[in-house]
Amino acid sequence: MKVCVALAVVSALFNICVPPEMSGDWQVYSFVRKSISKVLSSGSVWAAVALYAGWKAPRPRLALVAGVAAAEGTLLVHYLLGVALGIYEMNILWSNNIWFFAGVLYCGPLGLCGWYAARAGWLGLAARMIVPVGAVLEPFVLRHFDVPYQQIPWPERYSNVSSGVLLVVLGVVTGAFVLQRGPYRLISVPPAEAADPVDEQVAGEQK
């Protein structure tokens, strides 16, 4: 929950455009703000939230639910805070409803991947590499390195490039760290698996 709220709040705060920035001043500040904002709004970072939620879940089915809950909760806090701060209009929840659908569609499986990522073995290693690989590929897939037209102010033009570089660097560094630890050295101990009532009932019937 803390990770969800932190991402929702920080990403919303970096969307605030101050008056000097809107008037064309503070261009360096605008460039830095937009660069960080685009990293925080990237699919890789938001996927990491769902994966982390699944990592903390004690069972696979709970990991599926946790991934969706983390994504939907983070989106809701982000947009409601944006409305409260005057960043977004009240209709933002409806106009951006595609992200809520995407949260249900993609973040359940990501939560399950997070559960596997918390386990030792080659499957766990593959799951732990999802976010680093995604961070490296995302700027190329979304063409962050294609500089837009010259008519666009340079902070907006080059913040795409800088955010792409940041994502690649973050992906390479985290990926190298995960690979260096290998399949059997976990970053943290996974939560103890609670007994599943359904599994207990099946076991009891078999006896």
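Suppose we filter 135, 102 for residues that are at pLDDT 95 or above and either open to solvent by less than 70 Å² (accessible area, probe 1.4 Å) or closer than 22 Å to residue 38 by Cα (or both); which single one remains?
135
If you check residue 69 against the conditions, is it open to solvent by less than 50 Å² (accessible area, probe 1.4 Å) and assigned to a helix (DSSP H, G or I)?
Working: open to solvent by less than 50 Å² (accessible area, probe 1.4 Å): no; assigned to a helix (DSSP H, G or I): yes.
Taking the combined requirement at face value, the residue does not satisfy it.
Name, by its number, the condition in (1) over 14 Å from residue 108 (Cβ atoms); (2) open to solvent by less than 50 Å² (accessible area, probe 1.4 Å) that does not hold for residue 89.
With (1) over 14 Å from residue 108 (Cβ atoms); (2) open to solvent by less than 50 Å² (accessible area, probe 1.4 Å) applied to residue 89, the lone miss is (2).
Just a yes or no: is a residue in segment 1-19 more than 22 Å from residue 138 (Cα to Cα), without any contact (Cβ under 8 Å) to a residue 12 or more places away in the chain, among the charged types (D, E, K, R) and part of a helix (DSSP H, G or I)?
yes
Inside segment 80-110, can you point out the residues that are of a type in the set (Phe, Trp, Tyr) and without any contact (Cβ under 8 Å) to a residue 24 or more places away in the chain? Lay out the reasoning, then the answer.
Just the residues of segment 80-110 that are of a type in the set (Phe, Trp, Tyr), to begin with: 88, 94, 99-101, 106.
Within segment 80-110, 88, 94, 101 meet the criteria.
The values are calculated or read from the model by the stated rules, or taken from the named source; none is laboratory data. Keep in mind that what you see is a predicted model, and the values were worked out from it rather than measured. Positions of Cβ are generated from backbone atoms using ideal geometry, with glycine treated the same way; all protein chains shown enter the neighbour counts. To get the accessible areas, we keep the full protein, side chains included, count just its heavy atoms, and leave off ligands, DNA and RNA. Shrake-Rupley method; radii C 1.70, N 1.55, O 1.52, S 1.80 Å.
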